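Pasting a structure below so you can have a look.
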Amino acid sequence: MRGVSTGRFRGSDLLMLSPWLATLLLFWLFPVAASLVLSFTDYQLLSGQGGFVGFDNFTALFSDQTFVRAVINTLLFTVGTLPFTIAFAILLAIFVNRNLPFKTFFQSVYFFPSIVSLVVVALIYSTLYARGGYIQMILGMLGIPYPAEGFLFSEATALPAIMAMDVWMSTGYYMLLFVAALQSIPQELYDAAALEGAGAWHRLKAITLPHLKPMLLFVLVLNTIKSFQIFVEVFVMTKGGPLNSTMTIVYFVYEEGLHKFNIGYGAAAANILFILIAIIAWMEMKLVQERQA
Amino acid sequence: MRFGFAILALIVAGCASGPKTNVPLVWWQFWTNPEVRPVITQLASSFETATQNKVELGDLTWSDGHEKIAIALSTGGGPDVIELGSDWVAEFAASGRLLDLTDQLGGLRDSLLMWEPGIYRDRMYAVPWMLRTRMLFCNRTLLDSAGYPADFVPTTWSELLEASRRIDKLGEDVYGFGSNSAERHRLYKKYLPFFWSAGGEVFNANATQTQFGTIAGRASLDFYLLLSANGIVETQSRIEEYFAGGKVGFVISGEWLVGKLNRAELPFEYFVTVMPSVEPGGTGISFAGGEYLVVNQSSQNPGAAVALLRHLTMPENDRLFTTATGSYTPVNRFTAFTTDSALATTAAVFQRQIGDSRSTPVHPAWVAIEEILERGIEQALYNKMSSQEALDMIDRETAPILQKYARR
């Protein structure tokens, strides 16, 4: 019967799938496998030399203070940005989803930062954070203390400064996702709750947030992965400094792999990052699913 | 059907291996700015006219050029001729990716200056193309405000430090010295001149150990920290912005800053002088960098590639390139180079300093050593370690890297 699946896989099916399969093999599976193999070698990119070293790269990484700092910083970055980004995104989504004048204008304004090039944003923020920059000027006028050397040259403020920029930049994008989720909530539920005399807070708790959970899970996992992969901001703004206070795992991988050409060592760090992301994403999914149950 | 066979025949013919003719010579270089890029094109064209070899230009950027070159060479392919920073030559030469030019340079050896960074284990792998040195830029107006006579020029470390102190006290937004922060690839270039001026040598005789924990290392780092305390610690580009804004007394920079300052309408006077020495009558050493040209070991056309190196360093082409880049130090000693009379004094200072300049040691692991050196200086700059602890740490951490290469 035409158009009905017989459950059998035919040669022509394989032919149709071949472009996708080739892409999957060449650009996804092969690099992953190659990275795994390389992490057990001391392969040097330029000379092409290197042999099997077992788990040496992994054990060396855990005693490498720079890598340990990179892992801690990456976790701090994720923990420090994730709740704020999601909370602000939900609040903004609820705000712009109401029938307010200039609704589209506000949506565009909040979404705008996420379409600007990350490099451009990082350069602008570098100027804002610099000694004598606008942020210092504003804080000075308000009488709030600030690091005299500029935010990106202080060990205490460099990472939080990048985190603040990232929250500013990411919120608009997730806001749009939450707006889409909000619009899928049937209006009848709110009408019924209003008839029952439920207040705004009760409606938020009983209707809005439960309906946002699938999107919340999606945003949580997506933003976690994105946070663990932070690179451009560090590359443009601080190069991991000062004193490794903004060193992150991906920047460490770049430094080792593509700057010093310790490909095996860099690959081992990249694989640890992969395992970390997988574990944390799995934990997040379990957590949200259990709450839903 | 016949049409299908014709197409197939054409494809087979196209894929067939055989001697390649009219293969363009691929040259990767870093000059993309509008003042210099047309000259690069002009130099390539004049080579094409002179030799009938086609040149295909590839542009690199300093942010990722090192990686691009390494990846291209590691595949066994890549361009024929490549521009390299002076401190990268040993790294690529040691990996066997560069053509040994020792027996192919002939007369060039006597005409060009500063070959040292191009020589690795007594073999020549790179031809100098552009020389760079750093000078002390001084704000005359701030010196006047600090009570210095109109002809004052700091010639020793103590004079520079005292003048920085006095300028730094002039006001909230005025700084004595523009000190480099922990900025990768730049900080070590600011520390090493003081280290060399104090008589320091980076390596011991057999290059198995760095020697920063010595008296020279300590004296130079302590001096750098004192200068930093009497000024502003910032990135190189921002230090230069502050200087151009008339807010910094002294900065160490290169010819590019002269160009920037001359294009701006400055509300102050400045002058350029040689690096100060430790004691009166001594010599202040500066950092010499440069651009070098190398030939890929896998080049299909090495003869033409070497001819391109010769062409680019000929006196008339050197003059064109030097003028376009705003450099004052031609690489070819026979280049008839004159500069604007208004800049003649500045040019003379640069030409004098280049003779008292040194480049980084030629070592394949310099990139890793440089990173450790900068990390150590950073620890001292942020008061995380004393200067002696930081310098000892540098010597300790560089030792295994150097010993690994010494055993090879």
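Which condition number in (1) open to solvent by less than 50 Å² (accessible area, probe 1.4 Å); (2) part of a loop (DSSP other than H, G, I, E, B); (3) away from chain A (no Cβ under 14 Å) is the one that B:LYS189 fails?
Looking at each condition in turn, B:LYS189 falls short on (2).
Taking region B:72-124 as the region of interest, how many residues are more than 14 Å from chain A (Cβ to nearest Cβ) and part of a loop (DSSP other than H, G, I, E, B)?
Going residue by residue through region B:72-124, those that are more than 14 Å from chain A (Cβ to nearest Cβ) are B:79-81, B:83, B:86, B:99-119, B:121-124.
Okay, now just the ones that are also part of a loop (DSSP other than H, G, I, E, B), so B:79-80, B:99-107, B:113-115, B:121-122.
Looking only at that region, the number is 16.
I'd like to check something: does region A:85-99 contain any residue that is open to solvent by less than 50 Å² (accessible area, probe 1.4 Å) and either in contact with an Asp or Glu (Cβ under 8 Å, 6 or more places away or on another chain) or over 17 Å from A:LEU212 (Cβ atoms) (or both)?
Yes.
Any idea how many residues of region A:151-179 are outside any loop (DSSP other than H, G, I, E, B), in contact with a Leu (Cβ under 8 Å, 6 or more places away or on another chain) and within 14 Å of chain B (Cβ to nearest Cβ)?
1
A further question follows. Can you name every residue in region B:378-394 that is away from chain A (no Cβ under 11 Å) and within 21 Å of A:GLU255 (Cα to Cα)?
Answer for region B:378-394, where residues must be away from chain A (no Cβ under 11 Å) and within 21 Å of A:GLU255 (Cα to Cα): B:MET393, B:ILE394.
Looking at (1) charged (D, E, K, R); (2) at pLDDT below 95; (3) assigned to a helix (DSSP H, G or I), can you tell me which one A:ARG8 breaks?
A:ARG8 satisfies every listed condition except (3).
Follow-up question, since we're still on this one. Considering each residue of region B:257-273, count those that are open to solvent by 30 Å² or more (accessible area, probe 1.4 Å) and either of a type in the set (D, E, K, R) or at pLDDT 95 or above (or both), and give that number.
Looking only at that region, the number is 6.
All but one of (1) open to solvent by 80 Å² or more (accessible area, probe 1.4 Å); (2) in contact (Cβ under 8 Å) with a residue 24 or more places away in the chain; (3) under 21 Å from B:ARG238 (Cβ atoms) hold for A:TYR134; which doesn't?
(2)
Right, another one. Please work out if B:ALA198 is closer than 20 Å to B:ALA288 by Cα and not aromatic (Phe, Trp, Tyr).
yes
Something else about it: Could you list, in sequence order, all residues of region A:195-208 that are more than 25 Å from A:VAL109 (Cβ to Cβ) and either surrounded by 12 or more Cβ atoms within 10 Å (Cβ to Cβ) or modelled with pLDDT of 90 or more (or both)?
A:ALA198, A:HIS202, A:ARG203, A:LYS205, A:ALA206, A:ILE207
Would you point out the residue of region A:24-38, among those that are over 24 Å from the mean Cα position of the chain (by Cα) and open to solvent by less than 60 Å² (accessible area, probe 1.4 Å), that is farthest from A:GLY266 (Cα to Cα)?
Among those residues, the one meeting the criterion is A:ALA34.
Let me ask something additional. Please specify each residue of region A:17-45 satisfying the condition of being over 30 Å from B:TYR405 (Cβ atoms) and either in contact with a Gly (Cβ under 8 Å, 6 or more places away or on another chain) or among the hydroxyl-bearing types (Ser, Thr, Tyr) (or both).
Matches in region A:17-45: A:SER18, A:THR23.
Taking region A:138-150 as the search range and keeping residues that are out of contact with any helix residue (DSSP H, G or I) (no Cβ under 9 Å at 6 or more places or on another chain) and under 27 Å from A:VAL119 (Cβ atoms), which one is nearest to the other protein chains (Cβ to nearest Cβ)?
To start, the set of residues in region A:138-150 that are out of contact with any helix residue (DSSP H, G or I) (no Cβ under 9 Å at 6 or more places or on another chain) comprises A:138-143, A:149.
When the remaining residues are screened for being under 27 Å from A:VAL119 (Cβ atoms), the result is A:138-139, A:149.
Working: A:ILE138: 17, A:LEU139: 16, A:GLU149: 6 Å.
So the residue we want is A:GLU149.
If you go through region B:54-68 one residue at a time, how many are crowded, with 19+ Cβ neighbours inside 10 Å and out of contact with any Phe, Trp or Tyr (no Cβ under 7 Å at 6 or more places or on another chain)?
Adding up the residues that qualify gives 0.
Still on this structure: Under 6 Å by Cβ, and 6 or more places apart or on different chains, what pairs join a residue from region A:139-162 that is of a type in the set (A, V, I, L, M) with one that is open to solvent by 60 Å² or more (accessible area, probe 1.4 Å) and modelled with pLDDT under 95?
A:LEU139/A:TYR146
Restricting attention to helices (runs of 4 or more DSSP H) lying wholly within region B:324-408, give those where 2 or more residues are of a type in the set (Gly, Ala, Ser) and touching a residue at least 40 places away in the same chain (Cβ under 8 Å).
Details: elements: B:344-354, B:366-381, B:387-407.
Ranges flagged: B:366-381, B:387-407.
Which numbered condition in (1) open to solvent by 10 Å² or more (accessible area, probe 1.4 Å); (2) within 18 Å of B:VAL331 (Cα to Cα); (3) at pLDDT 95 or above is the only one that B:MET114 fails?
(3)
Hey, any hits in region A:229-246 for a residue that's touching a Ser or Thr at 6+ places or on another chain (Cβ under 7 Å) and away from chain B (no Cβ under 14 Å)?
Looking for residues that are touching a Ser or Thr at 6+ places or on another chain (Cβ under 7 Å) and away from chain B (no Cβ under 14 Å), one finds at least one in region A:229-246, hence yes.
Identify all residues within region A:180-201 that are touching a helix residue (DSSP H, G or I) at 6+ places or on another chain (Cβ under 7 Å) and either assigned to a helix (DSSP H, G or I) or closer than 16 Å to A:LEU92 by Cα (or both); write none if there are none.
Residues satisfying the conditions are A:ALA181, A:LEU182, A:LEU189, A:TYR190, A:ALA193.
Tell me which of these A:ALA148 doesn't satisfy, since it passes every other one: (1) assigned to a helix (DSSP H, G or I); (2) open to solvent by 50 Å² or more (accessible area, probe 1.4 Å).
So the condition that A:ALA148 fails would be (1).
Name the one entry in A:LEU61, A:LEU76, A:LEU36, A:LEU45 that is within 14 Å of chain B (Cβ to nearest Cβ) and within 30 Å of A:GLY241 (Cα to Cα).
Among A:LEU61, A:LEU76, A:LEU36, A:LEU45, only A:LEU45 is within 14 Å of chain B (Cβ to nearest Cβ) and within 30 Å of A:GLY241 (Cα to Cα).
Would you confirm whether any residue within region A:64-73 is at pLDDT below 95, open to solvent by 60 Å² or more (accessible area, probe 1.4 Å) and of a type in the set (D, E, K, R)?
No, every residue in region A:64-73 fails to be at pLDDT below 95, open to solvent by 60 Å² or more (accessible area, probe 1.4 Å) and of a type in the set (D, E, K, R).
On the given criteria, is A:THR23 closer than 30 Å to B:GLU397 by Cβ, free of Cβ contacts under 8 Å to residues at least 40 places away in the same chain and part of a helix (DSSP H, G or I)?
So A:THR23 does not fit the description; no.
Please indicate, with yes or no, whether at least one residue in region A:251-258 is open to solvent by 40 Å² or more (accessible area, probe 1.4 Å) and either away from chain B (no Cβ under 14 Å) or touching a residue at least 12 places away in the same chain (Cβ under 8 Å) (or both).
no
Here's something else I'd like to know. Looking at B:GLY171, is it over 25 Å from B:GLU370 (Cβ atoms), surrounded by fewer than 16 Cβ atoms within 10 Å (Cβ to Cβ) and at pLDDT below 95?
Spelling it out, B:GLY171 is indeed over 25 Å from B:GLU370 (Cβ atoms), surrounded by fewer than 16 Cβ atoms within 10 Å (Cβ to Cβ) and at pLDDT below 95.
May I pose another question? Do you know which residues across region B:353-366 are under 14 Å from B:VAL202 (Cβ atoms) and either away from every other protein chain (no Cβ under 14 Å) or not small (Gly, Ala, Ser) (or both)?
The first filter runs over region B:353-366 and keeps only residues under 14 Å from B:VAL202 (Cβ atoms), leaving B:358-363, B:365-366.
Once the filter is applied, which keeps residues that are under 14 Å from B:VAL202 (Cβ atoms) and either away from every other protein chain (no Cβ under 14 Å) or not small (Gly, Ala, Ser) (or both), region B:353-366 yields B:ARG358, B:SER359, B:THR360, B:PRO361, B:VAL362, B:HIS363, B:TRP366.
The values are calculated or read from the model by the stated rules, or taken from the named source; none is laboratory data. None of these values were measured; they are calculated from a predicted model. Please note: Cβ atoms are built from the backbone with ideal geometry, for glycine as well, and neighbour counts cover all protein chains shown. The protein model used for the area step is the full one, side chains on, heavy atoms only, and it has no ligands, DNA or RNA in it. Shrake-Rupley method; radii C 1.70, N 1.55, O 1.52, S 1.80 Å.
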